[in-house]
Amino acid sequence: MEKLKGPAVGCTTATCGWRALLLPQLNRQSLYVYGSEMAVEKECMRQLQSGVFVIHPFSLMRSYYIMCMMAITFLNLIGIPMEIAFLDGNSGLAWEGFNVFSDTLFLIDVALNFRMGIIAEDGEEAILDIKRIRVNYLRTWFIPDVIAAFPIGYILLFADLQYHNDDNPSKTNKMMRILMFVRILSLIRLARVSRLVRFFNEVEKVSNANLEVVRLFFRILSLFMMIFLLCHWNGCIQYFVPMLEEFPTDCWVRKENLMNATVIVKYSWGVFRALSQMIALSYGSMDAPTNYVEMWIVMVSMVSGCLMYTVLVANATTMIANIDPAAKEYKSKMSRLEHYMTFMKLPPELQLRISNYYQARYGGKWFHEKDVMDTVSSALKEQILMVMCSRLLRNVPMFQNRDENFINAILPKLEYEVFLEGDVIVQQNVPGNRMFFIDHGQVLLETDSYERELCDGDFFGGELDLL
């Protein structure tokens, strides 16, 4: 992960106090968007001069806030179905406290989103205007966030206190029914999964936006987290529905003798049945549904399994298609070359030599080297050529003590060539107008009077008359 260096040269925690946490950090993400350290510093000054409380998308506070909210959201999406299906109101003080804490945090999150800077669609600047942020949030995610942040934890805590303090049997039964209804109603908190998806998208957008590896990592992580949540929710539903029916005699819970089992055993059997239905295996769910409710559960499991397969295969196909594009382009070029050679009815020996040449020249990877060299700056081009070719020039006595600028002037004149075994590079008595430096391979020099074999790092040509 990129190391944070601080918000700006002129504003630190000592000079700006807590406001420094709201300013953009000087790291690869901000440099990728703004282009230079000076531009990042100007962005800090722009935010300071606005005089309003806005959290910048590239700020330190925003980074820690997203990580914290991702962890809390994921714990909610795991714990809420477990509580409703298996704990039966006996979740304990710790879990109720966590529910209240989560509800409070999500209510605060709704309020903070009105002060959260937005990355523009073109990715060239951050929107820090309060009015634009407010309008954008109200038009997009405000209503889903309010529904997901509905404080069910407070209602459950208050209802539990009333239930335990009331000795009237009729009121107790009524309160139990209210508690069950509220617990079912608390399923709306699962809408917080939208927050998890958005957090992943935001992290992917602001973290090393120019690195495909980082985007691929977050895409794979989010995919597997969603598949896990789908299996987890399905397993909880498998037990929750018989519980609502008060465990009829023909339900799977009684058949497996799980009435007095521990929560982990019940959960394991529920997930096992869910996976058996989702991946279309009869093992673990051999009995046919005993009523229409179980039949619908099985159908929903099978459909969700099909969706899981579809998403998994689609994402896997996309990832495979994006892996090693240079090798894919090379195979495409070779395929077209083979069709061309066959169409032109070239001799098999010549076709083999052409194929060998492409393999030796490109090594299974197709790069447009000229395009790459033309798009980089002259300084980078010199550095690339220096790394690739300078050692070859240094082996030549006439270049060993030359000035660095002289070597840099010669490097752009070098051209990369590949010769196969049996190729005649130059012939005897032909004027020598080129000089060759051997990067890899062997060359046989043969004249009427002597024979010599050259290898990596050697050179020949120029004024020499060769065969």
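Taking other residues whose beta carbon is less than 14 angstrom from the beta carbon of E453, and scoring Lys, Arg as +1 and Asp, Glu as -1, yields -4.
Under Stokes-Einstein, with the Kirkwood radius over Cα pairs standing in for Rh, what whole-number D in µm²/s applies to segment 213-329 at 20 °C and 1.002 mPa s?
Translational diffusion coefficient: 134 µm²/s.
Starting from the Cα-Cα distance between V52 and L352, subtract it from 0.36 nm times their residue separation and give me the gain in nm to one decimal.
Working: separation 300, 0.36 × 300 = 108.00 nm, distance 7.07 nm.
Value of the extension gain: 100.9 nm.
Based on the Cβ-Cβ distance from F399 to M295, what FRET efficiency comes out when R0 is 60 Å, to the nearest 0.05? Write out the running numbers ahead of the final one.
Numbers: r = 83 Å, r/R0 = 1.39.
Working from the Cβ atoms, E equals 0.10.
Rolling a 1.4 Å probe across the protein heavy atoms gives segment 351-452 an accessible surface of 74 Å² per residue.
In terms of distances greater than 22 angstrom between alpha carbons, the cross-link table entries K333/K365; K345/K365; K333/K370; K328/K370; K42/K381; K331/K370 yield K345/K365; K42/K381. Residues whose amide H falls under 5 Å from that of G461, counting only those 5 or more places apart or on a different chain, are F436, with hydrogens built in the peptide plane.
Counting every pair of alpha carbons in segment 23-116, the share spaced more than 17 Å apart comes to 62 percent. With 0.36 nm allotted per residue and the present C-alpha distance subtracted, the R132-L312 stretch has 61.1 nm of extension available. Phi angles across segment 375-380 convert, under the Karplus curve 6.51 cos²θ - 1.76 cosθ + 1.60 with θ = phi - 60°, into 3J(HN,Hα) values of 8, 8, 6, 4, 5, 5 Hz, Gly and Pro given as x. Remark: the K333-L380 segment gains 14.1 nm on full extension, using 0.36 nm per residue and subtracting the alpha carbon distance.
Backbone phi angles across segment 298-312, fed through the Karplus curve with coefficients 6.51, -1.76 and 1.60 (θ = phi - 60°), yield HN-Hα couplings of 4, 5, 5, 4, 5, 5, 5, x, 4, 5, 5, 4, 4, 5, 5 Hz in residue order; Gly and Pro are listed as x.
Based on the Cβ-Cβ distance of E256 and I188, what FRET efficiency does E = 1/(1 + (r/R0)^6) give at R0 = 35 Å, to the nearest 0.05? Walk me through the numbers on the way to the answer.
Values: r = 31 Å, r/R0 = 0.87.
E between E256 and I188, to the nearest 0.05, is 0.70.
Note on L454 and I143: their simple-model spin labels are 7.7 nm apart, each label 7 Å out from Cα toward Cβ. For segment 311-400, the average shadow cast by the Cα convex hull is 10.4 nm², which is a quarter of the hull's surface.
The residues neighbouring V135, those whose beta-carbon lies less than 14 Å from its own, together hold a net charge of +4 under the Lys/Arg +1, Asp/Glu -1 convention.
Compute the FRET efficiency between M319 and L445 as 1/(1 + (r/R0)^6), taking r as their Cβ-Cβ distance and R0 = 60 Å, and round to the nearest 0.05. Intermediate results must be reported in sequence, preceding the final value.
On the way: r = 50 Å, r/R0 = 0.84.
According to the calculation, E is roughly 0.75.
Ranked by solvent-accessible area (1.4 Å probe, protein heavy atoms only, all chains present), the residues L156, L75, L105 order from largest to smallest as L75, L105, L156. In whole percents, the pair-distance distribution calculated for segment 322-465 from its alpha-carbon pairs, binned every 5 Å from zero, is 2, 7, 14, 16, 16, 16, 14, 9, 5, 2, 0, 0.
The values are calculated or read from the model by the stated rules, or taken from the named source; none is laboratory data. Everything numeric here is computed off the predicted structure, so don't read it as measured data. Note that each Cβ is placed from the backbone with ideal geometry, even for glycine, and that neighbours are counted across all protein chains shown. Note: accessible area is taken over every heavy atom of the protein model, side chains too, but ligands, DNA and RNA are not part of it. Shrake-Rupley method; radii C 1.70, N 1.55, O 1.52, S 1.80 Å.
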